[in-house]
1. Determine the sum of side-chain charges near D18: Lys and Arg each +1, Asp and Glu each -1, restricted to other residues whose C-beta is under 12 angstrom from that of D18.
2. Need one word for the chain: rounded, prolate or oblate. Basis is the Cα gyration tensor (sqrt eigenvalues a ≥ b ≥ c); a/c below 1.5 gives rounded, then a/b vs b/c decides.
3. Sort by residue number and name the cysteines in the chain that have no neighbouring cysteine Cβ under 4.7 Å.
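Any read-out appearing in this document is the output of simple, stated calculations on the displayed coordinates, not a laboratory observation. Values in this document were obtained by computation on a predicted structure and should not be read as measured data. Cβ coordinates were reconstructed from backbone atoms using ideal geometry, including for glycine residues, and neighbour counts include every protein chain displayed.
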Amino acid sequence: MITLKETDEVAPLCPHCDVRITELWFRELRSTFGRRYLYFCCKCKKVLGVSHRKGFWMG
Ligand SMILES: [Zn+2]
């Protein structure tokens with residue numbers, strides 16, 4: 001079993017450039033299925049993830 005715990009005490013690190021992510025950038029992708037959001041590191045601009053649910057964030 002894995003426990004899910006919320007924390008504000010540590011900053012997540014980018015897996016690509018090992019820099020603390022202080023700001024997560026995203027851009028909107030539009031398709032016939034709806035909107036997706038592409039999240040990327042504000043430092044190295046590498047993609048960290050894509051939201052697959054419509055309106056997952058900022059929706
Ligand atoms: Zn990075």
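1. In short, +3.
2. oblate
3. Cys with no partner Cβ under 4.7 Å: C42.
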